[in-house]
Structures are given as C-alpha cells and as structure tokens.
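Worksheet for the structure shown next.
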Amino acid sequence: MKCPYCGKKSRVVDTRSAGEGVRRRRECQVCGRRFTTYEWIAPIRLVVVKTDGRREEFDRNKLLAGVSKACAKRPISIETIEDLVTGVEGKLYSRGEREVESRVIGEMVMEQLRQLDDVAYVRFASVYRRFADVERLAQEIEKLLERKRLEEKSK
Ligand SMILES: [Zn+2]
C-alpha cells in the first residue's frame, strides 16, 4: 500500500486483530512515517448523521465519488484516492461508535486532501462546508496559503 503522506511504498511492521477486522501498522520505506490500515471482515453498520439530523447508512462508494469529483483532472491516482477513503473508513470504524456526523467525515477527508492537493482540498471544502459565498471561499484559500507558508518556514 502507498504511503498516505508521500505516495511511496510502505511495509507492514505489525499485524493484529481488531474487533471484526485486521489492523496493520505500516511504515513508509521512503519518508519513514507510520500509519495504520484496517481490513474489515464484517464491518459494523455505520450510520451517518447529516446536518439536518437525518440518518443514512455509511456508503463507501458515495464518499469515493465525492473525493474523486474533488480530485478530477488533478495529478492524483485512483489508488491514492482509494487509499484516502480506506484510511478515513478505518478511522470511522475504529472510533467504535455506530453513528458519525457527516461533518466529522468531511473534516477527516479535508485533512487528508489538504496534504495532497490544494485544488482538490478547496473543491471538497466548498462542497462540504457549503460556503455561503465566494468571499468565504477566498478566505479559506488565504488561510490555506498562509498555513503553507508557515509550514515551509518551519521546515
Ligand atoms: Zn512516505
């Protein structure tokens, strides 16, 4: 599996059972960062609570479609997108709660996209946060650029 941080190859350093699935610790062979993946044998039913309070069953394909749309025409492989969704899915199941607010899923995806691609991040954020107007979207981009500048400085 590819490293979610740099996209290079990773190796498994630890495998153990986790409830209904298998949890693997992986280490990137290039940047050395560690991350966790989960494989589900029989995942629990996860219910998404929408902002208006309505509930619907978590649908991986729907999330995948949303992320793919944000990544359209960007230099991001399908494998990377699938890994991102799998990572978010694993985090959701590992919370051990049956219900999750759609906002929480959105924030998780945004955190990942932010590290991956600025354009995809802003596209996804604009849908998930439902920016009231273009001004707020512009502010979000400003904040993003500022954060990038600070990150560059601290390197
Ligand atoms: Zn890496």
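So the values come out like this:
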read-out	value
Total residues in segment 97-106, condition open to solvent by 80 Å² or more (accessible area, probe 1.4 Å), out of contact with any strand residue (DSSP E or B) (no Cβ under 6 Å at 6 or more places or on another chain) and not in a loop (DSSP other than H, G, I, E, B)	1
Strands (runs of 3 or more DSSP E) (entirely within segment 1-96) containing at least 1 residues that are of a type outside the set (Asp, Glu) and without any contact (Cβ under 8 Å) to a residue 24 or more places away in the chain	10-18, 21-28, 34-40
Failed condition for VAL13, given (1) within 16 Å of the ligand (Cβ to nearest atom); (2) surrounded by 14 or more Cβ atoms within 10 Å (Cβ to Cβ)	(2)
The one condition in (1) open to solvent by less than 80 Å² (accessible area, probe 1.4 Å); (2) in a helix (DSSP H, G or I); (3) free of Cβ contacts under 8 Å to residues at least 12 places away in the same chain that GLU142 fails to fulfil	(1)
Selection count, segment 24-79, where residues are within 16 Å of the ligand (Cβ to nearest atom) and touching a strand residue (DSSP E or B) at 6+ places or on another chain (Cβ under 9 Å)	14
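The values are calculated or read from the model by the stated rules, or taken from the named source; none is laboratory data. Keep in mind that what you see is a predicted model, and the values were worked out from it rather than measured. Because the Cβ atoms are built from the backbone with ideal geometry, glycine has one as well, and the counts that use them run over all protein chains shown. Areas reflect the complete protein model, heavy atoms only, side chains present, ligands, DNA and RNA absent. Shrake-Rupley method; radii C 1.70, N 1.55, O 1.52, S 1.80 Å.
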